[in-house]
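One structure is given here, and the rest of the page talks about it.
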Amino acid sequence: MLDVAGTAEYLNGLHEQLHPWIDTSKLPTLGCIIAYAAVMFWAQTRAKRGVHIPIRRIPGLDALDEAIGRSTEMGRPVLYVPGIDEIKEIQTLYSMMILRHVARKTAEYGTELIVPVKDSVVMAFAEEAVKQGCQDAGQPDAFIPDNVRYLSNEQFAYCAGVAGIMNREKPAANIMLGMFFAESLILAETGFASGAIQVAGTAKQHQLPFFVAACDYTIIGEEYFAVTAYLTRDPSLLGTIRAADVIKIIVIVSVIVGAVLATIYADAGPGDNWSTLFNRLFG
Amino acid sequence: MKREIPILLTVLCGLAITWAFFSQAEVSKAVNAELLSWAIIFFSVAFLLGISNLVRISLKQISSGHPDRIYKVVLLISLLGYLGVGIAEIHGLIDPVATGTTDSAGQVVFNDSAYQDWIYFRIYLPLQATMFSLLAFYIASAAFRAFRARSFEALLLLMAGAIVMLGQVPLGDTLTFDLASRWQDFLMKYINAAGQRAIIMGAAFGTLATGLRIVLGIERSYLSE
């Protein structure tokens, strides 16, 4: 039997000892994060030692190269929209990492890359990412500073600006990766109307249906955070994906076990034990 | 050092903010507040970078006779005009009594009658609403394409969409003898919620992993080399 009173006393004592350095009510969250970090380091170490980590084919990510290739063939620019959130949003920061890969590819193919941004800090990051991507490709001259454009800090003004670029400069490929809100469908439909091949990705689940409806390829939820691992096959990044999979399996098993236990105990009354519950359910 | 110092700063700031989340110590809250103040200052300064980028590119396109130069002229007039009106009103160069109201302390209170607010409420907001209202048409055109039953998955989507739409309106419910609202309820509560939660969970793990990699200094690709 679980000693509830003893456990509460122990937790109170722990709280007194740790207070105020650690908020004991957040200890389970801290424990989960440390566990996640431990699994991540374990998976990364294995990946770096050469253990093969398979990664399933993601059509949306394969389509990135296809989209850039199409732009190159048509002699038209690639438009990269990094979402509308600030750099403190992890999706925006991740979008900068993907931008570096896209910039490397466009520099290799000699294709123009246009990056309109909504936030001035994101603009500084985007400039660095594009510059670095061009250097990675061995084409530092491919970086055109005027193609990383700050449009507006306002959502729909930015949206109108991007729609204007789609209509006037006619990019052959629109890559929209990052955090999007209500403007997602306006951008995706304008891009569709302009005839561009469109690859979109976000972890914001409310905007996913719009991208699925209007874009050629959509990178959904967790796939978004696998982009750099998928494109570079870097062992460290692959290890992170493996860690997420391991944690996901643990969570799925916990959900199933929890659901079964909750179902069994839903009818439990005082004095019931496992035997009576089993007999009531299956007897 | 050009790369190590930013990584060190990232790790230190990340750990300090993480500590502030998990701690109730006054010092952690003070460090967190200080870092956030610095962030606000950085963001404000960076705003000037954005404006300089906008003005530089616009002037270049105007001077080179770019086909879009007329839009750039409108943009610059709007930007500088609104900025000028704002500065003039704040410094009392425009008669505040004629354009706004003053409170008991003699401070200008901007309202709809002030030039600055007039421009915002009478020009900017309607333009913003116009952009937003385009969504209605785009939803219709996107739905038209998405609901074409060209594959089994598209057929499922069409059926689910039709059931949810019928279940949302009283007429649809009457026509289907109350079945539409019950099926809609089932679809939204179980199928849709399960799918959304799976996406949220996957995204949350990805976010956590990326956050950990940045805070611990493992992820460095966002920095130049």
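No value in this document is a laboratory result; all are computed from the given coordinates. Just so it is clear, the model here is predicted, and its values are computed rather than measured. Don't worry about glycine lacking a Cβ; one is built from the backbone with ideal geometry, like all the others, and counts go over all protein chains shown.
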ask   = Roughly how big is the stretch B:169-223's charge dipole about its Cα centre, with Cβ charges of +1 (Lys, Arg) and -1 (Asp, Glu), in debye to the nearest 20?
value = 320
task = Output the pairs from A:Lys105/A:Lys170; A:Lys48/A:Lys204; A:Lys88/B:Lys29; A:Lys26/A:Lys248; A:Lys131/A:Lys248; B:Lys2/B:Lys29 with a Cα-Cα distance over 27 Å in this structure; if there are none, say none.
result = A:Lys48/A:Lys204; A:Lys131/A:Lys248; B:Lys2/B:Lys29
inquiry  = I need two numbers for the protein assembly as shown: Rg to one decimal and Dmax as a whole number, Cα atoms only, in Å.
reply    = 27.1, 88
query = For the stretch B:203-220 and the stretch A:262-283, what is the separation of their C-alpha centers, rounded to whole Å?
reply = 43
message = Could you derive backbone 3J(HN,Hα) for the stretch A:41-49 from the dihedral phi with the Karplus parameters 6.51, -1.76 and 1.60 (θ = phi - 60°), listing whole Hz in sequence and x where the residue is Gly or Pro?
response = 5, 4, 5, 5, 4, 4, 5, 5, 6
note = Taking only the alpha-carbon positions of chain B as identical scatterers, the Debye log10 I(q)/I(0) at q = 0.18 Å⁻¹ comes out as -1.21
query = Could the peptides A:56-64, B:147-155 be put in order, highest first, of the mean number of other beta-carbon atoms found within 10 Å of their residues?
reply = A:56-64, B:147-155
ask   = Amide H to amide H under 5 Å from A:Val81: which residues, 5+ apart in sequence or cross-chain, H placed 1.01 Å off N in plane?
value = A:Ile175, A:Met176, A:Leu177
ask   = Gap in Å between the Cα centre of the stretch A:173-242 and the Cα centre of the stretch B:1-35?
value = 31
Other-chain or far-sequence residues with amide H under 5 Å of A:Leu113's (modelled H) = A:Val78
ask   = Residue by residue, what Karplus-based ³J(HN,Hα) values in Hz, rounded to whole numbers, does the stretch B:181-191 have, using 6.51, -1.76 and 1.60 with θ = phi - 60° and x for Gly and Pro?
value = 5, 5, 5, 4, 4, 5, 4, 6, 6, 10, 5
inquiry  = Using only alpha-carbon positions, what ratio does the radius of gyration of the stretch A:138-283 give when scaled by 2.2 N^0.38 Å?
reply    = 1.66
ask   = In whole Å, what three semi-axes, largest first, describe the equivalent ellipsoid of the stretch A:63-149 built from its Cα gyration tensor (square root of 5 times each eigenvalue)?
value = 20, 13, 11
inquiry  = Give me the percent relative contact order of chain A, please, defined on Cα pairs under 8 angstrom at least 6 residues apart.
reply    = 21
remark   = As a Kirkwood estimate from alpha-carbon pairs, the stretch B:1-63 has a hydrodynamic radius in angstrom of 14.3
ask   = In a solvent-free Debye calculation with one equal scatterer on each Cα, what is log10 I(q)/I(0) for chain A at q = 0.10, 0.12 Å⁻¹, listed in the order of the q values?
value = -0.67, -0.84
query = Rounded if a/c is under 1.5, else prolate if a/b beats b/c, else oblate: with a ≥ b ≥ c from the C-alpha gyration tensor eigenvalues square-rooted, which is the stretch B:127-179?
reply = oblate
request  = Collect residues whose amide H, placed 1.01 Å from N in the peptide plane, falls under 5 Å from the amide H of A:Ile219; neighbours closer than 5 in sequence don't count.
outcome  = A:Ala200, A:Gly201, A:Thr202
message = Averaged across B:122-133, how many Cβ atoms of other chains sit within 10 Å of each residue's Cβ atom?
response = 3
remark   = Averaged over the residues of A:92-101, the number of partner chain Cβ atoms within 10 Å of each residue's own Cβ comes to 3
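Which of rounded, prolate, oblate describes the stretch A:122-214, given a ≥ b ≥ c as roots of the alpha-carbon gyration tensor eigenvalues and a/c under 1.5 marking rounded, otherwise prolate only if a/b is larger than b/c? Please report the intermediate quantities before stating the final value.
Numbers: a/c = 1.68, a/b = 1.64, b/c = 1.03.
It is prolate, given that a/c is not under 1.5 and a/b is the larger ratio.
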query = HN-Hα J couplings of the stretch A:96-110 from phi, Karplus 6.51/-1.76/1.60, θ = phi - 60°, integer Hz, Gly and Pro as x?
reply = 5, 5, 5, 4, 4, 5, 5, 5, 4, 5, 5, 5, 4, 7, x
